[in-house]
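A.B. asks: The structure is given below, and queries will be raised subsequently.
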Amino acid sequence: LMPNGPAANVGLAINARAGVHTPVSACASGAEAIGYGIEMIRTGRADVVVAGGTEAAIHPLPIAAFANMMAM
């Protein structure tokens, strides 16, 4: 699994210069990304950010992890 794949593709496509970051925090990942983007603008580390989230890949590893936690 490569959770930073979509962010890396977007970063390459738009020539991101402030970096590409991929928060991984389950259901809160999109909100965390937006918060991090706001922080980057507020602190002057970036003038413009692209922030958001995507749904996780359906793969046996996370399915087994959620099943092990009895979260499914």
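Each value in this text was obtained by applying a stated rule to the coordinates, not by laboratory testing. From a predicted model like this one, the values you see are computed outputs, not experimental measurements.
A.B. asks: Anyone know which of 30, 44, 52 comes out most mobile in the 10 Å Cα GNM of the chain?
C.D. replies: Most flexible of the set in this elastic network: 44.
A.B. asks: Looking at the chain, I'd like the Rg to Rh ratio, where Rg is from alpha-carbon atoms and Rh is Kirkwood's inverse mean 1/r.
C.D. replies: Ratio of gyration radius to Kirkwood radius for the chain: 1.06.
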